[in-house]
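Notes follow the structure.
The values are calculated or read from the model by the stated rules, or taken from the named source; none is laboratory data. The structure displayed is predicted, hence computed values, not measured ones. Methodologically, a virtual Cβ is constructed for each residue, glycine included, from the backbone with ideal geometry; neighbour enumeration extends over all protein chains shown.
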Amino acid sequence: MVVDAYGRLFTVSLSTSEQARVEAGAPGVGLTSLTPDGGRLATSMHAFGQYGIRIWGTADWTVIAELPGHAHPIQAISAAGQVVVTAARDGTRVWDLDTGYCRFVLPGTEEVKWIAVTPDQRRVVTMAWDRSVVVWDLRQGTPIRTLRDADREVPALRSPASDRGVWIRSVLVDSARDRVLAADGHLCAGGLENGRRLASWGTIPRHERVNMIPSKDMVHTCLAAVNPADGTVAVDYGGRAFFLDQGGRPFAVMGPEPGPGWFPMSTMTFAPDGRLVSSLPGAFAAVQVWPALSELTG
């Protein structure tokens, strides 16, 4: 699935490259999150002065439920099983798809902008504008531990402040290997259950063209994806894909050198067969499919 600059939702076949428009109220989509089993898709929506989510059944692309409830635009969505978590300026909400109601609002989460739910639906990891990263219990709605404290140099989101060039960030959970990954200019890793705080892997080199525009660090690691099958991590660095092993060591690079006219990726994820799928920003929602590492090595 991919969303273009006009908020239209499309599906793209990885085998035939065929693209199809999803109808039934798709315009206005801004964010998406697919459940790990691929059966449901949550998308953001704006209707009747409220912001909320639509839940789609991917078998026939029908809308199963609409859940309005936010008074501000949704910043992030993460879905797993019967749980969907949404983040907006009026708090981070945990939705129960069985009942269609909000279970609770996580306290003090008005500046959360990136979230990731564990596949077992027991935990959610939030990353706020101030770079703080917290693990929450989804049954109780309470914080379990803080993996990274707030960066005091980052002004509150409500104040006029530069984003310091970090336009896209991502936070990921890899439950099979008990780790949390946060990409916000560089890649950090920490423990999901053991409380190990986030530490920088520091493995992606700083590019010589990093200061192409004054005061904007345009070439940096802010988007990442993890392959649940083998723990391989891919990060975007100026439109290139760096592949890291489970210890954070780079072992492969795909894509051209960044330069004038380069486009950073807007989304990236691993397909079940190990191929990396990424999309580019813009009105045409261009999708790139990168070969699986196994195709290159064997």
Which members of the stretch 44-94 meet the condition of being over 21 Å from ARG139 (Cβ atoms), assigned to a loop (DSSP other than H, G, I, E, B) and small (Gly, Ala, Ser)?
GLY49, ALA59, ALA71
Within the set of pairs 6 or more residues apart or between chains, which connect a residue that is assigned to a loop (DSSP other than H, G, I, E, B) inside the stretch 187-209 to a residue that is of a type in the set (S, T, N, Q) and modelled with pLDDT under 75 with Cβ atoms less than 7 Å apart?
ILE204/THR221
Report, by residue number, each residue of the stretch 70-108 that is farther than 23 Å from LEU172 by Cβ and crowded, with 22+ Cβ neighbours inside 10 Å.
HIS70
Could you tell me which residue of the stretch 122-135 is surrounded by the fewest Cβ atoms within 10 Å (Cβ to Cβ), considering only residues that are in contact (Cβ under 8 Å) with a residue 40 or more places away in the chain and among the hydrophobic types (A, V, I, L, M, F, W, C)?
VAL135
Matching entry among GLY141, GLY191, GLY165 (being modelled with pLDDT of 95 or more, touching a strand residue (DSSP E or B) at 6+ places or on another chain (Cβ under 9 Å) and surrounded by 13 or more Cβ atoms within 10 Å (Cβ to Cβ))
GLY191
Cβ contacts < 7 Å: first residue among the basic types (Lys, Arg) and part of a strand (DSSP E or B), restricted to the stretch 234-261; second residue modelled with pLDDT of 80 or more and surrounded by fewer than 20 Cβ atoms within 10 Å (Cβ to Cβ), any location; separation 6+ or different chain. Result?
ARG240/VAL253; ARG240/MET254; ARG240/GLY255
Criterion first (at pLDDT 95 or above and outside the structural domain of VAL253 (by TED's automatic domain parsing)) does ASP130 satisfy it?
no
Quick check, is LEU67 surrounded by 16 or more Cβ atoms within 10 Å (Cβ to Cβ), more than 20 Å from the chain's Cα centre (by Cα) and modelled with pLDDT under 90?
yes
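Please go through the stretch 88-108 and give me each residue that is among the aliphatic types (A, V, I, L, M) and touching a residue at least 40 places away in the same chain (Cβ under 8 Å), ordered by number. Don't jump to the end; show me each part of the working.
First pass over the stretch 88-108, keeping only residues among the aliphatic types (A, V, I, L, M): 88, 94, 97, 105-106.
Residues satisfying the conditions are VAL94, LEU97.
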Can you pull out every residue in the stretch 26-43 that is under 25 Å from PRO228 (Cα atoms) and outside any strand (DSSP E or B)?
LEU31, THR35, PRO36, ASP37, GLY38, GLY39
Applying the selection to the stretch 44-64, what residues are within 23 Å of THR118 (Cα to Cα) and surrounded by 15 or more Cβ atoms within 10 Å (Cβ to Cβ)?
SER44, GLY52, ILE53, ARG54, ILE55, TRP56, THR58
How many residues does the stretch 234-276 hold that are more than 23 Å from GLY190 (Cα to Cα), modelled with pLDDT of 85 or more and surrounded by 20 or more Cβ atoms within 10 Å (Cβ to Cβ)?
1
Please verify whether THR62 is in contact with a Phe, Trp or Tyr (Cβ under 9 Å, 6 or more places away or on another chain) and of a type in the set (Val, Ile, Thr), treating the condition exactly as stated.
yes
Somewhere in the stretch 211-231, is a residue crowded, with 16+ Cβ neighbours inside 10 Å, over 27 Å from THR118 (Cα atoms) and at pLDDT 80 or above?
no
Pairs under 6 Å by beta carbon, first residue over 11 Å from VAL85 (Cα atoms) in the stretch 109-121, partner in a loop (DSSP other than H, G, I, E, B) and not aliphatic (A, V, I, L, M), six or more apart or different chains?
GLU110/ARG89; GLU111/TRP129; LYS113/TRP129; PRO119/PRO36
Of all residues in the stretch 95-122, how many are assigned to a strand (DSSP E or B) and either of a type in the set (Gly, Ala, Ser) or in contact with a strand residue (DSSP E or B) (Cβ under 7 Å, 6 or more places away or on another chain) (or both)?
13
